[in-house]
1. In the range 1-27, which residue that is within 17 Å of K67 (Cα to Cα) and of a type in the set (S, T, N, Q) is least open to solvent (accessible area, probe 1.4 Å)?
2. So which residues in the range 28-56 are closer than 26 Å to K67 by Cβ, surrounded by 13 or more Cβ atoms within 10 Å (Cβ to Cβ) and not charged (D, E, K, R)?
3. Go through the range 57-66 and count every residue that is loosely packed, with under 10 Cβ neighbours inside 10 Å and at pLDDT below 95.
4. Give the range 1-36 a look and list any residue that's at pLDDT 95 or above and basic (K, R), or say none.
Amino acid sequence: MPIIGEQKLVKKLKGGCHQSFTTLFHLYGKKLYNFSYKYTQSHAESEEIVQEEFLKIWNKRDTINEKL
């Protein structure tokens with residue numbers, strides 16, 4: 001279950017707030033990198049995964065349900 005502050009960040013992200021996106025990246029980017037590195041064993045591939053996933057989040061931000 002998301003923390004109340006995270007829900008506010010996601011709501012702002014949906015509105016196109018770049019600062020909220022950056023904050024979410026700093027909260028979860030390294031975790032996603034570490035998770036993907038366990039499977040890929042490649043720094044380059046893990047960085048690419050993080051970039052691709054955060055790009056998807058930005059491009060589809062208006063469809064995110066902030067109440068999850």
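The values are calculated or read from the model by the stated rules, or taken from the named source; none is laboratory data. Remember, it's a predicted structure, so these values are computed and weren't measured experimentally. Ideal geometry is used to build each Cβ from the backbone, glycine not excepted, and the neighbour counts take in all protein chains shown. To get the accessible areas, we keep the full protein, side chains included, count just its heavy atoms, and leave off ligands, DNA and RNA. Shrake-Rupley method; radii C 1.70, N 1.55, O 1.52, S 1.80 Å.
1. Among those residues, the one meeting the criterion is S20.
2. Of everything in the range 28-56, those that are closer than 26 Å to K67 by Cβ, surrounded by 13 or more Cβ atoms within 10 Å (Cβ to Cβ) and not charged (D, E, K, R) turn out to be Y28, G29, L32, F35, V50, F54.
3. 3
4. The answer is K30, K31.
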